[in-house]
Every structure is written in structure tokens, then in C-alpha cells.
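Notes to accompany the following structure.
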């Protein structure tokens, strides 16, 4: 395991007692490789539409496609102003060593901590670095073990889960996407002033993932909201009920398959349809 912050052999990291909060090494982007180099290692080229793979031939776990319009609206009288929106798709490729800055240190510390706890290192499916952030893609069945390792290991000490959220990477045109439903966990180490992300990829026909409430009690309401909006079932949650929508609501509003605009909105007796059902004035 790593040495303590006062050991003479450890210098130039965010663990130094003399370093103020917000110094260079407390910033993952400043401590890692140049942002342009990180992005050049993965992601779809917006001009050619080609997404490079890593040196091992791996493709990013998160799907990437060019985004056209808003919520997949096509050929309708959309008056929302988003009908002509077109953004290039982008997903970072798997990162490769050396990561740069404290990223290598934390990856080594995690590997040693997993070995010490008898957890297979394959529990970490992929590591990506993008926009100065490091993300660990975790096997669903080992999420609870990995989260507890990040919290309890003396060299990691990610004591706080600041948020749990969902992402639907489904293609609006119906193109098949492998494991399109993702759950993202934002962890903060108040001890070492570091932030990381954990991510789990799921399928819609099996949207189960272990709850991390036992490890991070703050995830209680966040997991409820992710269930409400995306339909992710957090096994072991103490009370997985709706938190934003009524208890008898059908569906999960932030899935790509949910109708644009949800349901028609009633306002002073008038009914305002969703944007994709409105007339176009041109």
C-alpha cells in the first residue's frame, strides 16, 4: 500500500501536507497528460466519423454517434428551435499507461487494494481519461466491493459519493447499442482532494445493479431518482420508490424511448402538445 503523506520518499503529489487546496496537483487535468493528447487517443473524428481504437484494439464502452435534432425528432413540425441541431459524436477510447499525474498513482493503489481484498482486477473493465477526469468502468456484480475499496483503502480514501446519475446511450434511429444504459457515480476524496468517476453499463432487459447505500448513505435519494428517471433497479436499496414522478406513473422520462415532451401540458384550459407535434411556421 502507499506510504503516508509525510514520508520523505513521496514528493510532488496532492498528498503533501504543505500543498494548498487547488494547487496544480489537486487538478487532474493539470497533473495528467495534455487535454488535446488525451482526446486524440479516442473519440470519433467529427469530420470523418471514424473512431480510433486503443493500441489493444479496444473500442470505448460508451457508444458514440453524431447527434442530429433533439431527442431524435425527424420530419415533424418541431418549433422548439432544435430541429437543425447537429453535434459530432464523441466517446474517449480506453486510456493507456502512463496516464500522467496522480492517475497512475491511484490506479496502482487501486490494483494493490483489490489484490489485498481478494477482488479480481478484472472487476475494472476499462479506464478512460478525458477532459481532465478519470473514469473506472466497473463490472456490475463487483460494484459494491469496488466502491467499498475506494472508500476504505488508506491510499484512496474516497469518503464521499456526491452523486449517482443515469445515461441512456440508445440510438434515436433504433441502431443496436451494446449495454446502452449507464449508471455514473461521482466520488470525492476529502483527504487527498481528488475526484473520480465510476461507471457501470447495463442492458434494458436486465437493468439491475447493486445499491451502494450501505457504503455511501448519501446515494439513497440519488439512486431513487435514477430509478425514477431511467428505470435502473438498485438491488438492496432500502426503499426504491419514485421521488420525482407520482407513484403510479408509467415509464421513465429520461430514457430515449420516452415520448418527446412526455405528455401534453395543460395550461389554463388549453392543451400544449409536445414540440414534435406542433405546427411549423416558415
Quiz item: For the pair residue 122 and residue 242, how long in nm is the line joining their label points, each one 7 Å along Cα→Cβ?
Solution: 4.1
Practice problem: Starting from the Cα-Cα distance between residue 115 and residue 178, subtract it from 0.36 nm times their residue separation and give me the gain in nm to one decimal. | Solution: 19.7 nm
Quiz prompt | Estimated FRET transfer efficiency when R0 is 41 angstrom, pair residue 257-residue 139 (beta carbons, to 0.05) | solution = 0.95
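Bear in mind these aren't lab numbers, they're just calculated from the coordinates by the rules spelled out. The shown structure was predicted, so the numbers you read here are calculated from the model rather than taken from an experiment. Reconstructed Cβ throughout: ideal geometry from the backbone, glycine too, with neighbour counts over all protein chains shown.
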